[in-house]
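Written out below as C-alpha cells is the structure these notes cover.
The values are calculated or read from the model by the stated rules, or taken from the named source; none is laboratory data. Worth saying up front: this structure is predicted, and the values here are computed from it rather than measured. In this analysis, Cβ positions are derived from the backbone assuming ideal geometry, glycine residues included, and neighbour counts consider all displayed protein chains. Quick note on the areas: whole protein, heavy atoms, side chains included, nothing else; ligands and nucleic acids left out. Shrake-Rupley method; radii C 1.70, N 1.55, O 1.52, S 1.80 Å.
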Amino acid sequence: MDYFFTSRDKVRRYGAAPDATDLDGLRYVTRERALKDGTPFFLGSGMRPLEPHCSFFLDLAKTLKAKSLQDYTYDFLDFSDFLESLDPPSDVLSAVEDDLLAYRERCTEHRDEPMSPATWKRRRVTIRSFYDWAVDEAKVLDRRPYYRRPNGRDVLSWGATAALDVRHLTYEQWWFLDRVGLRGLLPDGTADSSFRSAHTLRDSAGGNLSVTTGLRLREFRALLDIEVGPPRRDGTAKEVELQAIAKFGLPRTVEIQDAMLREIDWYRRTGRAAMVRRASKNLWRRREDFFVVDDINTRQMKLRGVEHGRRRTWSVKAMDADLRARTMIEGEHGLEPMALFVGRHGRKSPTSGGSRYSSTRMRARCGSSRSTAWNWRCRIRSGSTTYGTRSRSTCWSC
C-alpha cells in the first residue's frame, strides 16, 4: 500500500503531465470541489484507490485541518499494518475485539518504547472515529468490533492522563523569564556571551504580548503588522479583531495596551527591519508562491493582491495562519513579509525549541539568583492560560 497527501503547491512547482496525455495538473487540483490540501489518499495493488481508507479520510477532510489529517493518517496506518501482520492476517473491516486488545497491549506494553496514556488516547480516538464512521455513516459494518459500556469505556480504554498542575508566576518570576530566558541576560542584568538567540527583542515582545492580551502562541505568531500598528499619540489601546486564527475560529477582540505597543514598535524598527531587509531578495525569487499585496485598506482591514496569478481580496480577520505566512508586499529591496513576528528567510517566527531553550537557561542560571524561586521541575507551557489574573500573569506547569 502506498499513500500520499494532496498539495497544490507541489503540483504548481513540480507537476508535469504524463507523456501522451494533455492533463493540466494545476487546473485539475485547483478546480471547484477539488481535494483539500493535506487530504491523504491510499493506493493498493494496481495503483487503485484503497477502500475504506480513502472514503474515511475524505470524510474527515471536511472538518479537519491538514496537520490533524496527517496525525490521523499515521495512527491509522500503524493500526492497519498491525492487523496485516497478525497470523492469520486481518484488516480494519474484519478485525475482532481480540485483535484490538492485542494492538492496545502492543502499543502500551510490548513496544521498545511503550506509549504514554496521552499518546494512546489520541490513537484510540482515531480507531473509534473509524468504526463510528463505518457503522453510522458508511454502513460498511453492522456493528462495532468491540463492546462499549454505558459509561463509554471499551477494550481500547487504557490509562489515565493526569491534569496539568498549572500555577501562576509571580511578577519576580516573570521578570526572570523575560530577562534571562528570552532576552539572554544574566540574573544581575549584564549580557550573557553564551546566549545563542539573535532575536531577543522579538522573543521578549511576543512573550509580553501573550501575557498582556491572552493571545495564544499560534495567534500572535500569525498577526500582521498592519493589525497592530504603531503606538497612538493619545496613548490609547489598540483593539485587534480575531477570527480565522482564533481558537476554534470563534471571533473575539483583544486589546493591546500602549506600553506593549511601544515595545512592539521598538522591535519593529530594529530587529524586524533588519531581518526583513536580509530576506527580501530571497523572497522575491519565490514570489509565485506568495500572496503579493498591492492595495491595503486599513479602514476596512482588507488586502487586495495577486495569489497564484489570480486577483484576490481578503478580509484580514478571515485570513488563516498559512495564508498570513505567505502574505507579502513589494518594498524598496524586494518582497517584504506582512507578518509582525518574522523568522529567518522572512517567514513567520518558529515555535519549536524556544520554550525548552528558555527553561534550560533559567534552570542553569537559577543558582546564581537566590531572590528568584524557580521550581526545577517546571517548564514554560503557556503565556496566555492564566490571562486575567492580576496583571495577567503567565503560568508554568509541573
Can you compute the radius of gyration and Dmax for the range 194-299, using only the Cα atoms, both in Å? 15.2, 46
Measuring from the lowest to the highest alpha carbon on each principal axis, how far does the range 242-290 reach, largest first, in angstroms? 37, 28, 10
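What's the FRET efficiency of residue 233 with residue 298 using the Cβ-Cβ distance as r and R₀ = 25 Å, to the nearest 0.05?
On the way: r = 16 Å, r/R0 = 0.66.
The formula returns an efficiency of 0.95 here.
Please list 216, 104 from largest to smallest accessible area, probe radius 1.4 Å, with all protein chains kept in place.
On the way: 216 80, 104 40 Å².
Largest to smallest exposure gives the sequence 216, 104.
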Alpha-carbon radius of gyration plus Dmax, which is the widest Cα pair, for the range 76-154 in Å: 12.6, 37
Simple label model, 7 Å out from Cα along Cβ direction - residue 262 to residue 148, nm: 5.7
Between residue 226 and residue 277, what is the label-to-label distance in nm when each label sits 7 Å out along the Cα-to-Cβ direction? 2.4
Quick calc, the range 70-174, dipole around Cα centre from Cβ unit charges on Lys, Arg (+) and Asp, Glu (-), nearest 20 debye, gives 540
Report the number of Lys pairs in the range 10-140 whose alpha-carbons are under 19 Å apart, with separation of 8 or more residues or on distinct chains. 8
With N residues in the range 6-152, Rg(alpha-carbon) / (2.2 N^0.38 Å) equals 1.22
Once fully extended, how much extra length lies between residue 119 and residue 310, figured as 0.36 nm per residue of separation less the alpha-carbon to alpha-carbon distance? 64.5 nm
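Accessible area per residue of the range 86-214 at 1.4 Å probe, in Å²?
Numbers: 7160 Å² over 129 residues.
Value returned for the range 86-214: 55 Å² of accessible area per residue.
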Residue 345 accessible area, 1.4 Å probe, all protein chains in place, Å² to nearest 10: 120
